[in-house]
Amino acid sequence: MIAQAHGATLAGIDALPVVVEVDLQGGKADFILVGLPDKAVQESQDRVRSAITNSELDFPFTRLVVNLAPGDIKKEGPALDLPIAIAILAGSGQLAPESLASTVLIGELGLDGMVRPVDGAVNVALMAHSHKFERMIVPIQNAAEAAVAPGIKVYGVRSLLEAVEILNGSLAIEPFSHLDEGPRVVRYEVDFADVKGQSHAIRALEIAAAGGHNVLMSGPPGSGKTMLARRLPTILPPLCVEEAIEVTRIYSASGQKGGREGLIWERPFRSPHHTTSYAAVVGGGKFPKPGEVSLAHLGVLFMDEMPEFDRGVLEALRQPLEDGVVSIARVAAAMDFPAESILIGAMNPCPCGYKGYPEAKCIGAAGCDRYVGKISGPLMDRLDLHITVPRLKPTELTARPNGESSESIRERVVRARNIQTTRFNGPKINAKMSPREIQDLVQLDDECKEFMKSVATRLNLSARVYDRLQKVARTIADLAGSELVLKSHISEAVQYRGHES
C-alpha cells in the first residue's frame, strides 16, 4: 500500500513542499530512503523506527521504500522526521490516509517519540498558505511562529502519539491562535539619553534613521563610535507585522531565533568581527544560507574597524547597498536574500587612531593613506553620511548625561517616515529613491540649484554622490516638516560629505 504525507524543506529562506511517499512492499525487512536526502535526513530512519516503537505504535518490519518528492531538490535537516513517521503509520493502516490530504507536518523526532522544534516553521507556514493547505501539525515550540500565516489551522504537539491522535480525531484540541497585536515598541537596554556630548553624531544618526541612509563614522579609539551605533536601533520605527514576519523568516531559517517563540519584533543589530569570512558576511556555502548582511535586514549592520575587513567582503557590499538584495549563485543553487539594512561603518583616522588629534602622537603616518584607502571609492560613495566622532573633553566626561532620549528622537523619525510613506504611496524611504523620483520629489529653486552646482564643483562630486546628497537633503527637509528642500537643508547635507573637500 502506498501512503502520502506532506512536509517541507528549506532552500535558503524559502520553504519548498515535499511529498513523502511510503510503499510497503513486503519481503525482507528493509528501510530504503530516496529523493536526495542529506545526512540528517538519511539518519531519520533510525529516529523514526525508534520513535514509532517507543510510542507503542507498530513499526512495519517489511521492505519499506520512502520517497521524498520532488526527487531533484536536496532535502535538508530533521524536519521531515514527523511526516515520514506519519506516512509509515498511514501505509501500515494505523492512520486514515485521507486525514493527511490537506495537512503539512514538520518536526524532529526523539528516540522516545517526543517532537523537537525545527528551523523555518514560519517559512513552512507561509508556503502552506500559498499552496492552499488547511492544517499544520508542528512542534509545540514552533506553534506560535507558524500561526502567523493566515487561514492555516496550526496544532502544536509534544509527541508523535499526539500527532497521531489529532489526525485520527481522538484528540480534540483547539488550533493555536496567534494574537496579532500589531507593531510593538521594544524596550531597549540602551538609550541615547545616556550619551555624553556628540550632538553632531547623534543628529547624523537621526537623519540616517529617518531616511535609511548609510553612515561612516571616523574617530580616535574610545570616542564612542560603537556606543552610538548600538543605539541606532532604538530610534528606528517599530516593525510592522509584515516586517516582523520578514525578519522572523530569515532568523528562523538560519536557526538563530535563540529559543524565542512567535515573531521577532526587535530591529536586528548585527556586528560581525572584521575577521569574519566572506560567506558568513555576504551569505553562501555549497547550499546558500543567509549571511550577516541578510540577518541585518530591516535593521542595522555595524562594521567596526571597517578597513580591517577583507577587501572582497567590502566590495561585495556594493550590490546590497544599492539594491537591498544579495544574489548568491552556486553550482547547486542560485538564490536571492533580502538585505535592506542601514550600514554603519566605523574606523580610526589611521592605523594607530590618532592622526590629526593633538592628545596623542600619530605613529603610523606612512601607512595612513593606505589604511583609509582600503575602503574603495565606489563603496565610499554609497555611504551617505560621513561624520567625525571626536574624543570627549574632560568637562564632558565628568558631566552627567543630559542628551535627548531615544523615544523623543524616534517620534521625529516616525513622523519623517510617515511623510515618506505618504509621498511614495507605500512603505519606501528616501534612500531608495530612483533618479526619476529625485527629479520629481526634490524640487530646487534657482538659489538651491546654484548652490548645488558650486558644491558639485568644489567637492568634485560624482553623479552617485550628487544624487545621494539630494536624498539626504530630502530627509532633512522631512524631519523639519518642510515640503520643499531649502538651501539650509542642502547645506546640512553637505556637512556630511566634508571629507571630499
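The numbers here are math on the coordinates, done by the rules we state, and not lab data. Everything quoted here is computed from the prediction, not taken from an experiment. Here the Cβ positions follow ideal geometry from the backbone for every residue, glycine too, while neighbour counts run over all protein chains shown.
I'd like the distance between the alpha-carbon centres of segment 421-452 and segment 85-161, rounded to an integer number of Å.
Computed from Cα coordinates, the inter-centre distance equals 48 Å.
With labels modelled as points extended 7 Å from the Cα through the Cβ direction, what inter-label distance (nm, one decimal) is found for residue 393 paired with residue 277?
Result for the modelled spin labels: 5.0 nm.
Which of 440, 23 has the fewest other C-beta atoms within 10 Å, and how do the rest follow up to the most?
440, 23
Suppose the chain between residue 374 and residue 1 were pulled fully straight at 0.36 nm per residue; how much longer would it get relative to their current alpha carbon spacing?
Net length gain for the segment: 127.8 nm.
If you put +1 on each Lys and Arg Cβ and -1 on each Asp and Glu Cβ, how big is the dipole of segment 433-501 around its Cα centre, in Debye rounded to 20?
The dipole of segment 433-501 has a size of about 320 debye.
Segment 384-414 to segment 257-297: how many Å between their Cα centroids?
28
Modelling each spin label as a point 7 Å along the Cα-to-Cβ direction, I'd like the residue 445/residue 240 distance in nm, to one decimal.
In this crude spin-label approximation the distance works out to 3.4 nm.
Among the lysines, which fall within straight-line cross-link reach of residue 432, defined as a Cα-Cα distance under 27 Å, with same-chain neighbours fewer than 8 residues apart omitted?
225, 289, 374, 449, 453, 471, 487
Return the distance in nm (one decimal) between the two label points of a simple spin-label model at residue 402 and residue 43, each offset 7 Å from Cα along Cα→Cβ.
6.1
Which trypsin sites (Lys or Arg not before Pro) from segment 127-222 combine a DSSP loop assignment with at most 12 other Cβ atoms within 10 Å?
The qualifying sites are 132, 187.
Normalised by the number of residues in the chain, what is the relative contact order in percent for Cα pairs under 8 Å and 6+ residues apart?
It comes to 13 percent, rounded to a whole number.
Which trypsin sites (Lys or Arg not before Pro) in segment 15-79 sit in a loop by DSSP (not H, G, I, E or B) and have at most 14 other Cβ atoms within 10 Å of their own Cβ?
28
Name the long-range amide H neighbours of residue 18: under 5 Å, sequence gap of 5 or more, or other chain; modelled H, no Pro or chain starts.
Here the answer is 7, 8, 9, since their amide H atoms fall under 5 Å of that of residue 18.
Taking every DSSP beta bridge that has both residues in the chain, what percent is antiparallel when rounded to the nearest 5?
The answer is about 45 percent antiparallel.
With n ≥ 4 as the cut-off for DSSP H runs, can you work out [θ] at 222 nm for the chain, using -39500 (n - 2.57) per run divided by the number of residues, rounded to the nearest 500?
Rounded to the nearest 500, the figure is -10000 deg cm²/dmol.
Using modelled backbone amide H atoms (1.01 Å from N, in-plane), which distant-in-sequence or interchain residues come within less than 5 Å of residue 136's amide H?
Under 5 Å from the amide H of residue 136 lie the amide H atoms of 104, 153, 154, 155, each far enough along the sequence or on another chain.
Report the extension gain between residue 61 and residue 130 in nm, rounded to one decimal, defined as 0.36 nm multiplied by the number of residues separating them, less their alpha carbon distance.
Taking residue 61 through residue 130 to full extension adds about 21.1 nm, to one decimal.
Report relative contact order for segment 433-501 in percent, whole number only (criteria: Cα-Cα under 8 Å, sequence separation at least 6).
With pairs under 8 Å counted, the relative contact order is 39 percent.
By how many degrees, 0 to 90 and rounded to 10, does the Cα axis of helix 446-459 deviate from the longest principal axis of the chain?
90
Over what distance in Å are the Cα centres of segment 31-83 and segment 332-348 separated?
Cα centroid of segment 31-83 versus Cα centroid of segment 332-348: 36 Å apart.
What is the gain in length, in nm to one decimal, between residue 458 and residue 29 on full extension, counting 0.36 nm per residue of separation less the C-alpha to C-alpha distance?
146.2 nm
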